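The values are calculated or read from the model by the stated rules, or taken from the named source; none is laboratory data. Computed from a prediction, not measured in an experiment: that's the story for all the values here. Virtual Cβ from ideal backbone geometry, glycine too; neighbours counted across all protein chains shown. Heads up: the accessible areas ignore ligands, DNA and RNA and are worked out on the full protein's heavy atoms, side chains in. Shrake-Rupley method; radii C 1.70, N 1.55, O 1.52, S 1.80 Å.
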Amino acid sequence: MTRSGQPAGSLWTEYDPGPEYPPLRGDIRVEVAVVGAGMAGICTAWELTRRGRTVALVEADRIAHGVTGHTTAKLSALHGMAYSRIRKVHGAERAGQYAASQQDAVAHVQELSDGLGIDCDLERTSAYTYVTAPDRVDDVRREADAARDAGLDVAYVEEAPLPFPVAAAVRLDDQVQFHPRKFLLALAVDLVRHGGKIFERSRVTDLSEGEPCRLTTSADHIIRADDVVVATHYPVFDRGLHFTRLEPKREVVVAGPLPPDAITPEGMFLTPEENTRSFRTAPHDEHGRMLIVTGEKFNPGAPHDRGSAAHLDTLTTWAGEHFTDFTVTHRWATQDTFSTDHVPYVGRLRPGGHHTYVATGFGGWGLSGGVMAGRLLTSLITDGASPWAELYDPVRLHPVAEAPAMLRLGAKTVRHLVGDRLPGGHADSVDDIGPGQGAVLRGHGEGPQAVHRDMSGTLHQVSARCTHLGCIVHFDETERAWECPCHGSRFDVDGAVLHGPAVRPLEPPS
Ligand code: FES
């Protein structure tokens, strides 16, 4: 809780022991530049450093603070109902590669944690995908079959260690839950110890491919690198037109201590029911454990969505109904990107490119996916090949399976590009905007303006045109942020970028 009695933000970002890394203050030359320092970026930079490459890891904000700092931190190869979907779209062999690569990631984190002596609250536990509705039991049975065929040692069960009954579940033992920032900040220290360089608060705004590639930061410093990895969650350089095949989704998270005598869920749990519920516990104090619950997927910036406050209320109610005497002390929101064929995009940034790489589209499984991406990209850069390269190849396309999702994403972008420019659904005057609120105003002869009135009454006004591709942003009151409905960019009330793919702030008012 904060001093004012309000729930605090992310549980993980409370852990901030330093060190802070400096911003880039001049031009540099390295063998590999990694843009974005979340799970995928830090793991990639660490692997490459250990393979003897000179590496610069460049982060627009603080390392391990964005999506990775707002996850539930479940590291598992059991990904909801993933295996039945992957087998259907990609075939049984690819599903087996997916299982092997994700299980490798789980084992690798255990090895690193043991080998480097990282104290990150790592616990081995079982992962469950469950349903409570009898008419979903066949879905679980199908997922258990698909996961088993893919090589995972799963069990189909009809009971789970929970304070409420389930109809069926898939269980995979010996998976991992941990503190993501304790793990990644220790990995970053080790990376620097072995010669890697880390730059925080250094936003990369331009990429020129070549030999070497050339990255430019917002402070006009240049990084020259033989190879570049774009690991910015949603790729800020989209030479492969990934925005046609990536969908951003936001979710809310609530956390709080369970009473000492509560029935504590033993494991990591996920159900696709009720717009997804996913939960685990974490060490808290000598009296008990902290429950962390996420769910309520929604489209960021969607004008007709209920907004994060309503989703937080729904999730809090659900958690209270399922876990007695659960009190929310922390709540936050997180964002992830989903590919149109249920497998992340990890590999070459564009067809024919030889020195630029991307890692994105983890679909809510960015911890195991980030570790896997680091292993795969390091193999591609240092050896030119990886056994998982074809499965995750970003330029793959399955037209039949992907067409409906791609058409839906394209239609959504056009709808927001055109429809949101039409009058309606916006405030007419600043007088209509109350303290804490924001709205898009349309003046006469000027572009749409994003206007927020803070709690002291001061107005903050910027252009409402997203600097990525020009969609109109919408305000989320709980998060005090402007969100773009097209590809999920987020901006603070004065226009600064909080989340890409945009790399430039919203323009000053015209
Ligand atoms: Fe693409 Fe805004 S994020 S137009």
TODO: Can you run down the residue pairs with Cβ atoms below 9 Å, 6 or more apart or on separate chains, where the first is in segment 484-509 and at positive phi and at pLDDT below 95 and the partner is open to solvent by less than 10 Å² (accessible area, probe 1.4 Å) and near the ligand (Cβ under 6 Å from one of its atoms)?
DONE: GLY488/PRO501
Task: Candidates LEU116, LEU152, LEU122, filtered to the one that is farther than 21 Å from GLY364 by Cα and either crowded, with 16+ Cβ neighbours inside 10 Å or modelled with pLDDT of 95 or more (or both) - done: LEU116
Open item on the list: I'm checking my understanding of the structure. Among residues of segment 210-248 that are closer than 14 Å to VAL32 by Cβ and assigned to a loop (DSSP other than H, G, I, E, B), which one is nearest to the ligand (Cβ to nearest atom)?
Closed with: ALA231
Task: Test for GLY38: is it open to solvent by 40 Å² or more (accessible area, probe 1.4 Å) and of a type outside the set (D, E, K, R) - done: no
TODO: Output the number of residues of segment 261-280 satisfying the condition of being open to solvent by 10 Å² or more (accessible area, probe 1.4 Å) and farther than 22 Å from TRP12 by Cα.
DONE: 7
TODO: Scan segment 20-76 for residues that are over 19 Å from ARG193 (Cα atoms), polar (S, T, N, Q) and not in a helix (DSSP H, G or I) and report the count.
DONE: 3
Open item on the list: Let me spell it out: the conditions are (1) within 16 Å of the ligand (Cβ to nearest atom); (2) open to solvent by less than 10 Å² (accessible area, probe 1.4 Å), and ILE433 meets all of them except one. Which number is the exception?
Closed with: (1)
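Only one of ASP173, ASP206 is assigned to a strand (DSSP E or B) and within 30 Å of ASP261 (Cβ to Cβ). Can you tell me which?
ASP173 is the lone residue from the list that is assigned to a strand (DSSP E or B) and within 30 Å of ASP261 (Cβ to Cβ).
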Task: Enumeration of residues in segment 456-466 that are of a type outside the set (A, V, I, L, M, F, W, C) and either without any contact (Cβ under 8 Å) to a residue 40 or more places away in the chain or open to solvent by less than 10 Å² (accessible area, probe 1.4 Å) (or both) - done: SER456, GLY457, THR458, HIS460
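On the given criteria, is VAL154 touching a Leu at 6+ places or on another chain (Cβ under 7 Å) and over 23 Å from PRO283 (Cβ atoms)?
Working: touching a Leu at 6+ places or on another chain (Cβ under 7 Å): yes; over 23 Å from PRO283 (Cβ atoms): yes.
Taking the combined requirement at face value, the residue satisfies it.
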- [ ] Check segment 290-307 and report whether any residue there is open to solvent by 40 Å² or more (accessible area, probe 1.4 Å) and modelled with pLDDT of 95 or more.
- [x] no
- [ ] Give the residue that is farthest from VAL228 (Cα to Cα), with candidates limited to residues of segment 292-347 that are part of a loop (DSSP other than H, G, I, E, B) and aliphatic (A, V, I, L, M).
- [x] VAL328
- [ ] Kindly list the number of the only condition in (1) of a type outside the set (A, V, I, L, M, F, W, C); (2) touching a residue at least 60 places away in the same chain (Cβ under 8 Å); (3) out of contact with any helix residue (DSSP H, G or I) (no Cβ under 9 Å at 6 or more places or on another chain) that fails for TYR130.
- [x] (3)
- [ ] Could you list, in sequence order, all residues of segment 467-504 that are among the hydrophobic types (A, V, I, L, M, F, W, C), open to solvent by less than 10 Å² (accessible area, probe 1.4 Å) and within 11 Å of the ligand (Cβ to nearest atom)?
- [x] CYS471, ILE472, VAL473, TRP482, CYS484, CYS486, PHE491, ALA502
